[in-house]
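The next block holds one structure in the form of structure tokens; read it before the comments.
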Amino acid sequence: MPHFVIVGAGECGARAAFALREKGFEGDITLIGAEPLAPYERPPLSKSGSGQAPEPKFVAAVQRYQEQSIDLRLDTTVTAIDPVTKTVSLADGRMLGYDKLLLSTGASARNFPGIDGASRRIRVLRTHADATALHAALLPGRHIAIIGGGFIGLELAATARMRGADVTVIEGLPRVLKRGVPEEIAEAITERHLREGADIRCGQIIETVREEADKAVVHLAGGEVISADLLLVGIGALPNVSLAAEAGLAIDNGIAVNERLETSLADIYAAGDCCSFPLALYGGRRVRLESWRNAQEQANLAVANMLGEDREISAVPWFWSDQYDLTLQISGLADEAVTHVRRELDDGAFILFHLGTDGRLLAASGIGRGNAVARDIRLAEMLIAARAHPDHAALAASSVKLKSLLAA
Ligand SMILES: Cc1cc2nc3c(=O)[nH]c(=O)nc-3n(C[C@H](O)[C@H](O)[C@H](O)COP(=O)(O)OP(=O)(O)OC[C@H]3O[C@@H](n4cnc5c(N)ncnc54)[C@H](O)[C@@H]3O)c2cc1C
């Protein structure tokens with residue numbers, strides 16, 4: 001019986017294990033995860049607006065792993081891979097042989113040097129344990145400072161305000177969501193946060209971050225000092241590559257894989273937040289995505305190729321974020337766009353279509369309440385996948401159905 005081993009029991013690893021069974025794989029599957037919890041969804045960790053810390057939302061009920069004969073090993077870290085003998089070593093000294101190996105080791109939250117996970121008042125948000133500790137502090141009258149006006153920082157800012165905490169967001173760049181989100185959308189989001197009473201400070205240089213007896217203290221260049229009951233460091237995530245690097249796999253802003261998610265060594269694949277891959281839709285440029293849907297899609301693709309199919313990455317990148325009752329959705333990559341066209345939707349929602357030098361639609365980003373932009377973003381995604389060059393006036397006119405552009 002062939003034995004497939006999956007290292008990393010997050011969104012991607014769990015999906016891959018089930019996908020193997022869905023595709024009829026009858027060999028042994030071992031899914032190994034360093035966290036004590038069965039695989040769970042991370043997006044709710046920053047979004048819960050209700051009164052309590054979020055309960056883990058499991059990717060699948062724990063008994064489903066047993067039913068599908070998936071050997072799920074939690075609280076277990078893989079410490080080494082030997083690609084020659086095709087074995088992985090576990091932290092407890094045991095070893096497991098594999099026929100094919102999938103690395104879905106995800107990413108870890110970045111922190112400031114010298115501040116470790118044990119700090120009570122200076123925290124990051126990546127795991128359910130992080131969320132439990134953070135949410136306990138989101139109480140009326142408490143002051144929460146957040147370094148980083150990215151998605152996780154802003155989602156947590158909204159959650160904290162909804163719980164009655166005071167919020168200060170400190171961002172180094174001139175505006176929030178500078179990476180990957182167009183200015184008009186960032187403005188709409190900023191305006192909403194300000195309206196809800198958050199204090200947002202952009203263009204700040206941080207000199208020091210320190211934990212004192214009962215405060216977290218941030219010193220800004222210019223002399224200002226911000227004291228908070230709790231400080232969230234939301235300055236991005238780094239791919240977990242050390243295991244792969246030590247085994248000799250090529251690394252390039254993540255575990256480097258090709259369009260079939262194969263690493264540089266035979267029978268080892270990587271997928272999800274941990275890997276960088278060439279995206280044919282954008283001229284083969286290498287990207288790494290930290291997105292829920294990408295983790296799922298790549299799990300399915302890796303599994304197909306592990307089972308001998310020959311499938312290449314074709315999905316259009318897609319990301320969403322919820323802040324208050326606003327949902328932002330982005331499809332495609334907008335950074336090489338030279339212009340954009342705006343389409344107004346009902347109830348103040350809008351979509352921006354980002355176009356390249358030759359008029360090709362490269363990306364679409366939209367914001368609105370609830371699902372206001374979902375349908376049009378989905379249609380835009382199909383246009384992006386089709387490498388369409390839609391008429392600008394038609395994109396801007398709400399009366400023109402995007403579906404008709406697709407047909408054209
Ligand atoms: C707070 C938060 C909010 C988010 N919100 C959104 C959102 O709104 N929209 C969106 O699209 N995406 C969102 N994301 C991103 C999304 O959750 C990730 O893209 C997705 O979880 C990636 O899945 P993954 O399986 O690749 O990695 P992960 O979920 O990081 O899982 C990797 C797992 O591998 C384990 N592991 C690592 N090394 C080892 C080892 N050596 N041995 C054993 N186990 C190991 C890790 O402990 C981890 O459990 C959010 C992420 C966070 C943290």
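Values quoted throughout were computed directly from the atomic coordinates according to the rules given, and no laboratory measurement underlies them. Remember, predicted model here, so these are calculated numbers, not experimental data. Positions of Cβ are generated from backbone atoms using ideal geometry, with glycine treated the same way; all protein chains shown enter the neighbour counts.
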Just to be sure I understand the model, the point goes 7 Å from the Cα along the line to the Cβ. What's the resulting D199 to A133 distance in nm? 2.5 nm
Efficiency by 1/(1 + (r/R0)^6): what FRET value for D71 and D391, r their Cβ-Cβ distance, R0 = 45 Å, to the nearest 0.05? 0.25
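With charges only on Cβ, +1 for K and R and -1 for D and E, what is the dipole size of the chain about its Cα centre, in debye, rounded to 20?
On the way: 42 positive and 52 negative charges, 93 e Å.
Roughly 440 debye for the chain.
What full-extension length gain, to one decimal in nm, is calculated for R375 and R311 as 0.36 nm per residue of separation minus the Cα-Cα distance?
Numbers: separation 64, 0.36 × 64 = 23.04 nm, distance 2.73 nm.
Full extension of this stretch gives 20.3 nm more.
Compute the signed sum of charges (Lys and Arg +1, Asp and Glu -1) over the other residues within less than 10 Å, Cβ to Cβ, of V169. Please report the intermediate quantities before stating the final value.
On the way: positive: R201; negative: E171, D199.
Once positives and negatives cancel, what remains is -1.
Using just the helices of the chain, give the 222 nm mean residue ellipticity in deg cm²/dmol: DSSP H runs with n ≥ 4 each add -39,500 (n - 2.57), and the total is spread over all residues, rounded to 500.
Dividing the helical sum by the residues of the chain leaves -7000 deg cm²/dmol.
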Residues with amide H under 5 Å from that of L362, placed H, sequence gap 5 or more: H354, L355, G356
Longest span of the chain, sites excluded, free of GluC sites (Glu not before Pro) in DSSP loop with at most 12 other C-beta atoms within 10 Å? 27-211
Excluding the sites themselves, what is the longest stretch of the chain that contains no trypsin sites (Lys or Arg not before Pro) in a DSSP loop with at most 13 other C-beta atoms within 10 Å? 180-386
Give the average over all directions of the projected area of the C-alpha convex hull of the range 316-373, one decimal, in nm². 3.9 nm²
